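Below is one structure, written out as structure tokens; the observations come after it.
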Amino acid sequence: MTEKIVILLLFAGILTAVAVRAARKVNAYEDYNLNGRRTGLPALVATLGAAEFNTATLIGGASVAYLYGTVGIWYTSLIFIFVFGIYAFTVAKPYRRLHITTIAEFFERRFTGRLSEPTRALASVVTLTFTWIAPATYLAGLSVVVSVLLGIDPLTTVVAITIFTLVLALAAGFITALSFDVVAYAMILVFIPIIFYIGYSNSGGFESLSTVFEAEYLSLEPIWDLENYGFAAILTWGFQNIMLYIAAPWYGQRVFSARNESTAYKGMLINTLLITGLYLLVALATMFSRVLMPNLDAPEEALPRMVLDYAPPVLQGLLLVTLLLVGISTMVAIWNSAVSIVVNDLLGRYVFKARDDKFYVRLSRGVFVVLGISTLVFALTIVGNILLVLTYVSVFTALLAFPILAGLFWKRFTTLAALLSLAASIVYVTVALIADFPYHLISPVGVAISVVVGVIVTLVKPDTSDDEAVEKFFAVAHGHAESATEGAATPGR
């Protein structure tokens, strides 16, 4: 225990030093919000990977692998080939070329006219739903890790981590998140393979898996009849994640910060390969943990318990720090995205217009504090249902994907079509969640409604009044004109 506490204190000191150093780089609001749009390829790959590699998926997804073997590989690894691959080939370059600051600003640039403002406002609210609630799922995942490895109760854990993380996040916003992500990703690349090796070597290797899993759970052949995690649910989860990430404000923020469009594109392709491989190792390690601990009452504890029981104390401390840093870096990333949405798309646009950079930095820090308190409250209700909560809170953001893709690749797609397609799908998903529809009838049907409404409205009521603006948008987004530079640095301008 002493070794782990010492390592934890050293880790806290390192993060504090990183945050202080990051704060010195903040000279303007765009630094605080987007690292001055100068993030290079290695740092971009690190921040993309660390932002995705979170304790909610790590702990929640690992529990699926513990229960159902290779079903967990589909859930936490293989789907990301499609999720990030599609992102790279569809929106990575256009997002960076447009020089935007938030996803809502994309809607403003593409969809003009008298309905532009309500369309943008609705997009702002939708992106905020996930970014405001999701950090609580990561905090809940951290509470599981700490309670197992240190024996500290969840309440103490979430309070301590929230306060510590919030103080550091206040220092430099996105630059803090980026700095944490670089440190976190370096540790992920080292220690996730070590966790895999601990499981592999102590369990007796792949041959041992047949002693605790039925044959169907050791094959990648689809299994359709599982109550919560059948292949229909996996396909839905994969589809929802594809849609979610296209509209994901925390991923968009990282791509917006890239040095140029080539960096954004290459970073996403590299991230696709690395995330798929890393999550594969996590799922396999958790499968091995079932050989070692076949009767766990709480499958979400499988990974940290394996570390506790089969790693030496010093290595436990380092692995604990890695898991903590995974969660903390992702919390800071999502927090920063939520703050950016509130400040850029809501407060800076409608309440505090045309203020100076120092004002918006102070305002961002105030929003950080409110967000941290709400995260603490939400987290205490999520432990034990991490993956399901993360799944359901992502549904609404996924609905933005069709208007984004149609806006990028269909010139005739109109502002009215974007607004009505988004509104109709939101109404359906809200009703579906309240009525407790089956999971596979929520997000896919919501997106289908969005597509149908958007296509019908565009064809029935075409609009040529903004053809010039649309042509200009397409020229920039698809690389046929110089990147846009106006209006992105400071809210209210």
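Here are some notes:
- Test: residue in segment 356-376 that is under 24 Å from residue 443 (Cα atoms), at pLDDT below 80 and either in contact with an Asp or Glu (Cβ under 9 Å, 6 or more places away or on another chain) or in a helix (DSSP H, G or I) (or both): no
- Given (1) surrounded by 23 or more Cβ atoms within 10 Å (Cβ to Cβ); (2) within 21 Å of residue 186 (Cβ to Cβ); (3) touching an Asp or Glu at 6+ places or on another chain (Cβ under 9 Å), number of the condition residue 44 does not satisfy: (3)
- Pairs, first under 13 Å from residue 169 (Cβ atoms) in segment 361-376, second surrounded by fewer than 14 Cβ atoms within 10 Å (Cβ to Cβ), C-beta under 7 Å, six or more apart: none
- Conditions (1) closer than 30 Å to residue 347 by Cα; (2) surrounded by fewer than 23 Cβ atoms within 10 Å (Cβ to Cβ); number of the one not met by residue 88: (1)
- Under the condition of being in a loop (DSSP other than H, G, I, E, B) and more than 13 Å from residue 69 (Cα to Cα), the residues counted in segment 283-300 number 5.
- Residues that are surrounded by 22 or more Cβ atoms within 10 Å (Cβ to Cβ) and modelled with pLDDT under 85, drawn from segment 20-41: 22, 29, 32, 33, 34, 35
- Looking only at segment 424-445, and only at residues there that are aromatic (Phe, Trp, Tyr) and assigned to a helix (DSSP H, G or I), the one that is modelled with the highest pLDDT: 428
- Residue identified as of a type in the set (A, V, I, L, M, F, W, C) and free of Cβ contacts under 8 Å to residues at least 60 places away in the same chain among 46, 17: 17
- Filtered residue count, segment 206-245, keeping only those that are small (Gly, Ala, Ser) and either under 14 Å from residue 290 (Cβ atoms) or surrounded by 20 or more Cβ atoms within 10 Å (Cβ to Cβ) (or both): 3
- Some residue of segment 4-12 being in contact with a helix residue (DSSP H, G or I) (Cβ under 6 Å, 6 or more places away or on another chain), modelled with pLDDT under 80 and closer than 23 Å to residue 166 by Cβ: yes
- Among the conditions (1) more than 22 Å from residue 61 (Cα to Cα); (2) crowded, with 19+ Cβ neighbours inside 10 Å, the only one that residue 260 does not satisfy is (2).
- Residue match in segment 266-282 (condition: out of contact with any helix residue (DSSP H, G or I) (no Cβ under 6 Å at 6 or more places or on another chain) and outside any helix (DSSP H, G or I)): no
- Meets criteria (part of a helix (DSSP H, G or I) and within 30 Å of residue 35 (Cβ to Cβ)) for residue 303: no
- Across segment 89-129, the qualifying residues are those that are of a type in the set (S, T, N, Q) and not in a helix (DSSP H, G or I), and the one among them that is nearest to residue 342 (Cα to Cα) is 102.
- Residue match in segment 345-361 (condition: over 26 Å from residue 49 (Cβ atoms), hydroxyl-bearing (Ser, Thr, Tyr) and in contact with a Pro (Cβ under 9 Å, 6 or more places away or on another chain)): yes
- Residue that is farthest from the chain's Cα centre (by Cα), among those in segment 303-332 that are of a type in the set (S, T, N, Q) and surrounded by fewer than 24 Cβ atoms within 10 Å (Cβ to Cβ): 316
- Note on segment 188-205: residues that are crowded, with 17+ Cβ neighbours inside 10 Å and in a loop (DSSP other than H, G, I, E, B) amount to 0.
- Residue, modelled with the lowest pLDDT, within segment 459-484, restricted to residues that are among the β-branched types (Val, Ile, Thr) and surrounded by 11 or more Cβ atoms within 10 Å (Cβ to Cβ): 470
- Subset of segment 102-129 (residues that are without any contact (Cβ under 8 Å) to a residue 24 or more places away in the chain and among the β-branched types (Val, Ile, Thr)): 125
- Set 60, 85: member being in a helix (DSSP H, G or I), modelled with pLDDT of 90 or more, small (Gly, Ala, Ser) and closer than 26 Å to residue 231 by Cα: 85
- Criterion violated by residue 16 - all others in (1) part of a helix (DSSP H, G or I); (2) among the polar types (S, T, N, Q); (3) within 21 Å of the chain's Cα centre (by Cα) satisfied: (3)
- Considering residues of segment 337-355 that are among the charged types (D, E, K, R) and outside any helix (DSSP H, G or I) only, the residue farthest from residue 108 (Cα to Cα): 355
- Hey, residue 185 within 20 Å of residue 74 (Cα to Cα), touching a residue at least 60 places away in the same chain (Cβ under 8 Å), under 28 Å from the mean Cα position of the chain (by Cα) and surrounded by 17 or more Cβ atoms within 10 Å (Cβ to Cβ) or not: no
The values are calculated or read from the model by the stated rules, or taken from the named source; none is laboratory data. Just so it is clear, the structure is predicted and the values come from calculations on it, not from any experiment. Glycine also receives a Cβ, built like all others from the backbone with ideal geometry; neighbour counts cover every protein chain displayed.
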